[in-house]
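Notes to accompany the following structure.
Read the figures in this text as sums done on the coordinates, not as results from a lab. Note that the structure is predicted; figures quoted are calculated from it, not measured. Here the Cβ positions follow ideal geometry from the backbone for every residue, glycine too, while neighbour counts run over all protein chains shown.
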Amino acid sequence: MTNLKSILIEEINLKGPMPLSHYIQKCLFHPIYGYYMKETVFGTGGDFTTAPEVSQMFGELLAMSILQAWMDQGSPSKIILAELGPGRGTLMADVLRTLKNHPEFLNATEIHLIEASQNLKLKQKKALSGYKIFWHNEFPCFDGKHLFLIANEFFDALPIEQFLRKGNNFFRRTVQLVDNELTYGLEKKPTKNSFLNNRLTDTSDGDFVELNMTAAQLSRSIGTHINKFGGLAIVIDYGDWHSLGDTLQAVKSHKYCDIFISPGKVDITAHVDFEILATSSGCAFSKLTTQGVLLERLGITHRAKKLAKNLSGKDLENHIAAHRRLTHPEEMGSLFKALSLFPKHAPCPPGFEQ
């Protein structure tokens, strides 16, 4: 039994069943035993691999989209370049390396990272040595400046609620104890809110609906700022325009497992409902596109061929495999989706369609 499991069992014994979102929050972000507080979660030695860990091309192309959006909005002289959940800092390092060729952009830029894990902050500091970085534990107030923000595989880790439809009512899922073991429960009284009421038309009895109100509130904060001051947000994650069904999953060492097996030792995620992110933002938003299509529109094949000219042997094989992994429909290309948020008066960012 993990230390965190003992804490969770004690809390349920004391207070009764807990909301699923509370359980996920504790498992991922407990200050001592939370999953993201540990040393290794990314890459081949961790539990999962993100696109920036696959190839530098991912960050390079996002950098060029941001650069063009900045120019399309008049090349403002004071801007914020920010990332939500920067992991080991790999993506931001690739973005900044690319933008070194455009000093007029970097000279206007403050770099801000939103990160809750002290261990990951140390890794980011190492990866981004040479740059002045501002860190925040949560999304701050950036009043007065254009905000250009990246969120890659961030929203999938925010705690969700699940609701089971019974008749015309939705009942919230909980975490309870059976024989002193963690398992799912269900509230006895139905939950009423507008999001759930809207789902009566496209769900049936026995369906699960997932809501991430934390994500909706954060998207609203981001969108409000972008509408008022300008900028752009690029969100890339796995999910779809509309959530349906139970998508909650746990991963350890690149393999799926039960979310109750080892609290604090496994990654817990759920598919992102991009409709909630888009409509909650209050600003203009693009059509949802796949990661593969986005990267192809931004020129990944051309970039891959250029890099390949200087490679041979195993390095070339790995490079070709990375290109395929990022873009092919049977790999990350279709699983991951991309959404952009931008001011209502601004053009749609490069790589996206409105």
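Looking at the square roots a ≥ b ≥ c of the eigenvalues of the Cα gyration tensor of the stretch 277-354, which shape do they give, rounded for a/c under 1.5, prolate if a/b is larger than b/c, or oblate? Prolate is the answer for the stretch 277-354, as a/c is 1.5 or above and a/b outweighs b/c. F336 sits among other residues whose Cβ lies under 13 Å from its own Cβ, and their net charge, with Lys and Arg +1 and Asp and Glu -1, is -4. Taking the C-alpha atoms only, the angle from helix 56-72 to the longest principal axis of the chain is near 70 degrees.
Within the same chain, lysines fewer than 8 places from K337 are excluded, and of the rest, those with a Cα less than 17 Å from its Cα are K287. Ranking M1, G89, S55 by how far each Cα lies toward the positive end of the dipole of the stretch 1-132 (charges on Cβ) leaves M1 at the top. Beta bridges per DSSP, both residues in the chain: antiparallel share near 60 percent. Placing a label point 7 Å from the Cα of H102 along the Cα-to-Cβ direction, the residues of the stretch 218-260 whose backbone N falls under 18 Å from that point are 230-235. Normalised by the number of residues in the stretch 51-118, the average gap of Cα pairs under 8 Å and 6 or more apart makes the relative contact order 42 percent. Based on Cα contacts under 8 Å between residues 6+ apart, the chain shows a relative contact order of 21 percent. Each peptide among 49-56, 318-325 gets the average number of other Cβ atoms lying within 10 Å of its residues, and from highest to lowest they stand as 49-56, 318-325. Over the stretch 93-137, the reciprocal of the mean inverse Cα-Cα separation, the Kirkwood hydrodynamic radius, stands at 11.3 Å. Summing Lys, Arg as +1 and Asp, Glu as -1, what charge do residues with Cβ under 12 Å from the Cβ of K78 carry, K78 excluded? Charge balance in the 12 Å sphere: -1. Annotation note: GluC sites (Glu not before Pro) in the stretch 124-201 located in DSSP loop regions with a Cβ neighbour count of at most 12 within 10 Å are E138.
Relative to the longest principal axis of the Cα atoms of the chain, the long axis of helix 90-99 makes an angle of roughly 20 degrees. The angle between the Cα long axis of helix 3-15 and the main principal axis of the chain comes to about 50°, on a 0 to 90 degree scale.
Please say if the stretch 64-178 is rounded, prolate or oblate, where rounded means a/c under 1.5 for a ≥ b ≥ c the square roots of the C-alpha gyration tensor eigenvalues, and otherwise the choice is prolate for a/b larger than b/c and oblate otherwise? Prolate, since a/c reaches 1.5 and a/b exceeds b/c.
Run the helix sum for the chain: -39,500 (n - 2.57) per DSSP H stretch of 4+ residues, divided by residue count, reported at 222 nm to the nearest 500 deg cm²/dmol.
-11000 deg cm²/dmol, from helical runs alone.
Which of the listed residues, F105, L248, S334, is farthest toward the dipole's positive end in the chain, when Lys, Arg count +1 and Asp, Glu count -1 at the beta-carbon? Going by the Cα projections, it comes out as F105. Using DSSP loop states and a limit of at most 16 other Cβ atoms within 10 Å to flag chymotrypsin sites (Phe, Trp or Tyr not before Pro), what is the longest stretch of the chain containing no flagged site? The reported range is 1-130. Taking all C-alpha pairs of the stretch 1-134, those more than 28 Å from each other amount to 33 percent.
Normalised radius of gyration (Cα atoms, divided by 2.2 N^0.38 Å) for the stretch 206-303: 1.30.
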